[in-house]
4 protein chains.
Amino acid sequence: MQAYVKTSRGPGGEIRTVPDPKPGAGEVLVRVRASSVCGTDVHIWTWNEWAQSRVKHVPMIFGHELSGEVIELGPGVKGLSVGDHVSAETHIADGTCYQCRTGKMHICQNVEVLGVDRNGVFAEYAVLPEMNAWKNDPSLDPALASIQEPLGNAVHSLLPEDNIEDLGGKNVLVTGCGPVGLLAIAVARILGARRIFATEVNPVRTRLARTMGADHVYNPLEVGADLARTIVSETEGQGVDVSLEMSGHPSSLRLAFEALTSGGRVSLLGLLDKEASLDFDNAMIFKAARVYGIFGRRMFSTWYQVKGLLARPELRTKMAEIITHRVAIGELPRAMELIQSMQAAKVSLEPRW
Amino acid sequence: MQAYVKTSRGPGGEIRTVPDPKPGAGEVLVRVRASSVCGTDVHIWTWNEWAQSRVKHVPMIFGHELSGEVIELGPGVKGLSVGDHVSAETHIADGTCYQCRTGKMHICQNVEVLGVDRNGVFAEYAVLPEMNAWKNDPSLDPALASIQEPLGNAVHSLLPEDNIEDLGGKNVLVTGCGPVGLLAIAVARILGARRIFATEVNPVRTRLARTMGADHVYNPLEVGADLARTIVSETEGQGVDVSLEMSGHPSSLRLAFEALTSGGRVSLLGLLDKEASLDFDNAMIFKAARVYGIFGRRMFSTWYQVKGLLARPELRTKMAEIITHRVAIGELPRAMELIQSMQAAKVSLEPRW
Amino acid sequence: MQAYVKTSRGPGGEIRTVPDPKPGAGEVLVRVRASSVCGTDVHIWTWNEWAQSRVKHVPMIFGHELSGEVIELGPGVKGLSVGDHVSAETHIADGTCYQCRTGKMHICQNVEVLGVDRNGVFAEYAVLPEMNAWKNDPSLDPALASIQEPLGNAVHSLLPEDNIEDLGGKNVLVTGCGPVGLLAIAVARILGARRIFATEVNPVRTRLARTMGADHVYNPLEVGADLARTIVSETEGQGVDVSLEMSGHPSSLRLAFEALTSGGRVSLLGLLDKEASLDFDNAMIFKAARVYGIFGRRMFSTWYQVKGLLARPELRTKMAEIITHRVAIGELPRAMELIQSMQAAKVSLEPRW
Amino acid sequence: MQAYVKTSRGPGGEIRTVPDPKPGAGEVLVRVRASSVCGTDVHIWTWNEWAQSRVKHVPMIFGHELSGEVIELGPGVKGLSVGDHVSAETHIADGTCYQCRTGKMHICQNVEVLGVDRNGVFAEYAVLPEMNAWKNDPSLDPALASIQEPLGNAVHSLLPEDNIEDLGGKNVLVTGCGPVGLLAIAVARILGARRIFATEVNPVRTRLARTMGADHVYNPLEVGADLARTIVSETEGQGVDVSLEMSGHPSSLRLAFEALTSGGRVSLLGLLDKEASLDFDNAMIFKAARVYGIFGRRMFSTWYQVKGLLARPELRTKMAEIITHRVAIGELPRAMELIQSMQAAKVSLEPRW
């Protein structure tokens, strides 16, 4: 088959013809109908510091967001059939560690990530463990189906636990409007949030943030130090109930706390890549802030919730807007360029080689 | 002032001229701009068994749902000003019992209810403790502002605790589409529910349930014993995640559990008035069901949430639909008749005597 | 091997020589070092109505509580080794249903129970799915290790969800002091409960309830209708914060709610076997009671918690007291008699044939 | 009356004769039977940077932990009587802000602290709002009754919310064994924790930490960088479920996260006084850590829980051990010296002038 392969420990990647994969015990073979590019893929493509230390195996097919059709079942697969349409939960958990056995499989101690630790999905075919193949409504646009995975990140950021206060009538701040931030705004709207504030510097994303339903989108470079005060004053002096930090910028991290009402909660998803400094006394302690580190999506509570939310046409419409570009996978370098230059929000890859 | 007074321990009530009330320490005097009729008021009007045993003081002004304008402050009132627009939290808590001091003021051991235990709001003026006067946006239609209190019941039924799983993408059943049931459907929609099922026998309410956003409204008299099976089959064999029992009928109580997925939750709001029989083993134990008795609204978490949700125009539009009749308070007997004959959902009372 | 077999659809059972079982894929073979008798086993032994309708396969080896040593691994087993000491989680879940995939494996829609739906553990050897074999500290007394499973029921009844208020400084009522009730008292003590009330009619169990740490053990036949009032008055007029209904008697079900403080919670574990009547208005609605149906134990959050609690010597000492009799499995009829005549709390079975 | 007064904006304080205070509306006058010294009092005594910026009013009577007897009621007090024994919740909330009205009075936006914002308790008599006077069992040792307030901090750190997973069978780390840390260890033991790890440099506190029930007390200066690894290895490779950071040291902050299992939770109570640097990616995000800023105690859920826990004699015995010194309030300078030189854990002040 054709596949986009990271061939050497350096920037870029190449289309290669590789042997068709075979599903092992408990696995399924999927024909890729759509994939999409995540920030992680860009890191691997540009071979940044993170990728250099994180990626162990080269050559490796990379990419992890996909939707496809099951075309072959490995031995012992019982819950799926040939012809099923599926997306991938890209975290492959061991199922036996403390976290896996206590309802926290998404933070498995021995997790393997598709397209990072093992061959991924920028290919004609991909192999998935049965457990990681999430069955879709066949009528769902494959491009949307592929970005269910980051949609799951967004839902999980908004609702990090089963038993956490909901968003209905609450004020929300999203710092950073990359694809996950944009999806979070759209979902917060669906979940009944009152006012949604967002920060973003890029004009394409700023426009999309408004389309997703943000009431206010601020450019932190322009508003600067007054931003927290502005948001507090726009919320009757209280600050927001929920902050989602999705940018990975230290100044946004600070803003997420400064704009928060006492007793509010903060979800941290954006990676900072290095140590950051914070006034913990005022940010967290005096405020009795609650903070949730966000990694992956709950397996599979978040996926069921995503499925239920996708039943809402307005969400599907908004997701389609976030896919600013649909390109052939053969043009992956162009997709990378669109993202790096911030012309694109989400780029969907069509299986044309 | 003019007031509708329960003058004797029997059916009905009368308009009387009574002395204008004066606000005591920590109280405010409110000019009533709108009130509305609750089922409780109908019970007091018809003087049913519940009213006979529950109402202690006659003569008494009854009615408890209102919106109005503060026109005088009693000594010590600090948080409100003359001219403020307010609605009433109708449960007056003592503030000192175990429940009040542990965040459960809505189930105060010594609660007094406006229009049941003390003079209510079917009058030109009413006195409220400062704590119970909830400040409204002055631009809010007084008729809508008055029914914030049952809207609070609906929100509290959907979200009985701070830390309870949200409704996003979940399947919901509402048994009984009186005003609170209708409001619950509207709010479930705002909170991102997937599919909403409802039961109702009355055609006016059935139509309104659809307007509120119910996907299916069943007449239990017609569908009968198959109803649970139908709902389970409409939810991919799982049953609903959340049931709200709002009818007070034993058969609906059973349905609320039969249609529930294992591990789902049930809110009980509809009073049954007498003992009811249930197969606890199958309804609750084998299913690991979670059940929440619903009384009042959380003071004042629910009110803040209601305020936030009212910012959504689609909710205000739906609430206006539930107010099927707007009549002068002088025509209270007609309002009672409209409700008892089930021609009306919610009747709003305008201050014309 | 030797095994106790339910040979026909009627009372009793017989020792039979049957072929040694072989572990299949993902299974382990365990040499039984101790087993113990659960109420379920008594039902199957006496072949009561429940057993007649529930048990599908006869002949079948019954019994489900055990501890033993792994002596053979089936293909694909990775997390266990020959020589490991294990106990059994007796609910075999499918791992693929909505419940299993959302952290509620204990209420799997397709659960199979050891010794009820498939061959159990009253035998020299037993086969367990790897996932259901819980690894023990080898120094743990096999008799105690075997009753970890009902200990899990007790812990799960006290703490039905991850995110539920703890027992520290709270008042607790346990109605019914069978083995699970007794274990619940012991655990409530370890978890910092303030006062523990219990009800029981049997003198052996009454004495043990006190040993476990109950402050008051009432005989409901003697105290009667005043019991709720007594408990409320012993808790400064508030009632208990947590009730555990473990008897399956309708009068205890009522007591569990009547003795509850408003906003308190009730766990229902005792099966009532038929419909029961309850005043839902006063029991649940006006009180804003929260009710949790209890089935099994959380897989495997409860087991981890059990493991942690077993580190406390006082709990192990108390568990040893609950094992009132240790008899050879060859004397199973005598064990059944000891339980049915209520001379025993828990009977441990030693592997002597 | 005699009182210890901060007379000028500089180090120290003086005994002065000041007019006896009078209880205003809703207040009670209390004769002080015991008080105790908190770190905050030391800051005010030494007049450190925090005190210089935080304390607004001088001269002011300082001190806030007390127990005493009600000797006079102000107008409108209904729930207390002359002769009642009380302790003080030292945070005086406004009762009207968003936080106060949504069950989070402990983080009131307009909180005033006794002995910081208004006259405190290092005096013969003190005035308390009725709401802040917590009624004690009169048989409770006044010295213990006075330190209920920091005991509340400890309980609140262990259980920051109603609906949070309990401590039963869980591994716990406490970094910093000042009085609150020591009390947290004692309470964790009562709540059924499995293994308790602590860090402390001072030998007096180290010894007390063991007495409280810590299984391991490490000196971070000696163990250094290996400490996290040591704790992880002592917990079967998982790390602790709950970390309490009570030292205010940046290195302990880091340790609290490094020793944490993925998905575990951290309570932050120790003030750091300035910005601190942290690797948020590894500390919080990849680990899906949950973090709770801790300020005060929940009003009054924590107090009820404290009351229930104080019913346990072993807790009272341990608390008595923490009070390493009982001195006359006239010797306050010596008490300050004992604390600053770390010879004392908690110093109780007896009303001898």
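General observations
- The residues neighbouring residue D:37, those whose beta-carbon lies less than 9 Å from its own, together hold a net charge of -1 under the Lys/Arg +1, Asp/Glu -1 convention.
- Placing unit charges on the Cβ atoms of the charged side chains and taking the dipole of chain B about its Cα centre, the candidate lying farthest along the positive direction among B:345, B:24, B:282 is B:24.
- FRET efficiency, residue B:81 to residue A:229 (Cβ-Cβ, R0 41 Å, nearest 0.05): 0.95
- Within straight-line reach of residue C:274, meaning a Cα separation under 17 Å, sit the following lysines at least 8 residues removed in sequence or on another chain: B:287.
- Structure remark: mean-square fluctuation, Gaussian network model of chain B, C-alpha springs under 10 Å; the largest value among B:107, B:329, B:164 belongs to B:164.
- Counting only heavy atoms of the protein chains and using a 1.4 Å probe, residue C:241 has close to 20 Å² of accessible surface.
- Other-chain or far-sequence residues with amide H under 5 Å of residue D:121's (modelled H): D:63, D:64
- For chain C, modelled as a GNM whose springs connect Cα atoms under 10 angstrom apart, the maximal fluctuation among C:76, C:39, C:192 occurs at C:76.
- Straight-line cross-link partners of residue A:135 among the lysines, defined as a Cα under 24 Å from its Cα and at least 8 positions apart when in the same chain: A:22, A:78, A:104, A:307, A:318, A:346, B:170, C:104.
- According to the Kirkwood relation over distinct C-alpha pairs, the hydrodynamic radius of chain C is 20.7 Å.
- Take segment B:157-293 with all the other protein chains still there, run a 1.4 Å probe, and you get 29 Å² of accessible area per residue.
- Heavy-atom accessible surface of residue A:195, to the nearest 10 Å², is about 70 Å², with a 1.4 Å probe and all protein chains retained.
- Loss of accessible area when B meets C, both sides summed, Å² nearest 100, probe 1.4 Å: 3500
- Label point 7 Å beyond Cα along the C-beta direction, distances from residue B:203 to other copies (nm, shortest first): 5.9, 7.1, 9.2
- Near residue A:274: Cβ cut-off under 9 Å, other residues only, Lys/Arg at +1 and Asp/Glu at -1. The net charge is -4.
- Only lysines eight or more places from residue C:6 in sequence, or on another chain, were considered; those with a Cα closer than 17 Å are C:56.
- Using Cβ point charges alone (K and R +1, D and E -1), the dipole size of segment D:258-302 about the Cα centre works out to roughly 360 debye.
- Here the Karplus relation 6.51 cos²θ - 1.76 cosθ + 1.60, evaluated at θ = phi - 60°, turns the backbone of segment C:4-10 into coupling constants of 8, 10, 7, 8, 8, 7, x Hz, with x for every Gly and Pro.
- Sorted largest first, extent of the protein assembly as shown alpha carbons per principal axis (Å): 87, 69, 63
- Computed with every protein chain present, the accessible area of residue C:261 is close to 0 Å² [probe 1.4 Å].
- Highest mobility in the GNM of chain A, judged by mean-square fluctuation with C-alpha springs under 10 Å and restricted to A:202, A:48, A:163, is found for A:163.
- Pairwise centroid distance, computed over Cα atoms, of segment D:43-77 with segment C:222-241, Å: 41
- Mean residue ellipticity at 222 nm, helices only, chain A: -8000 deg cm²/dmol; runs of at least 4 DSSP H residues each add -39,500 (n - 2.57), and the sum is divided by the number of residues.
- The antiparallel fraction among DSSP beta bridges confined to chain B stands at about 55%.
- Karplus-derived 3J(HN,Hα) values for segment D:287-298, using 6.51 cos²θ - 1.76 cosθ + 1.60 with θ = phi - 60°, are 8, 6, 5, 10, 10, 10, x, 10, 9, x, 9, 5 Hz; glycine and proline are entered as x.
- Seen from residue A:314, the other residues with C-beta closer than 12 Å to its C-beta sum to a net charge of +3, counting Lys and Arg as +1 and Asp and Glu as -1.
- Per-residue extension of 0.36 nm, minus the Cα-Cα distance of residue B:135 and residue B:273, leaves a gain of 46.3 nm for this segment.
- Other copies of residue B:352: label-to-label distances in nm, shortest first, labels 7 Å along the beta-carbon direction: 6.7, 8.1, 9.4
- Residues whose placed amide H lies under 5 Å from that of residue A:328, excluding near-sequence neighbours: A:350
- Rg/Rh ratio calculated on Cα atoms of segment D:203-353 (Kirkwood radius): 1.01
- Using the Karplus relation 6.51 cos²θ - 1.76 cosθ + 1.60 with θ = phi - 60°, the per-residue 3J(HN,Hα) values for segment B:21-30 come to x, 10, x, x, 4, x, 10, 10, 9, 10 Hz, with x marking Gly and Pro.
- Amide H to amide H, with H built 1.01 Å from N, residue B:299 comes under 5 Å of B:105, B:106, counting only residues 5 or more places away or on other chains.
- Rounded to the nearest 20, the size of the Cβ-charge dipole of the protein assembly as shown about its Cα centre is 0 debye, with Lys and Arg at +1 and Asp and Glu at -1.
- Among beta bridges that DSSP assigns inside the protein assembly as shown, antiparallel share in %, nearest 5: 55
The values are calculated or read from the model by the stated rules, or taken from the named source; none is laboratory data. Since this is a predicted model, take the numbers as computed values, not measurements. When we count neighbours, we look across all protein chains shown, and the Cβ atoms used for this are built from the backbone with ideal geometry, even at glycine. Note: accessible area is taken over every heavy atom of the protein model, side chains too, but ligands, DNA and RNA are not part of it. Shrake-Rupley method; radii C 1.70, N 1.55, O 1.52, S 1.80 Å.
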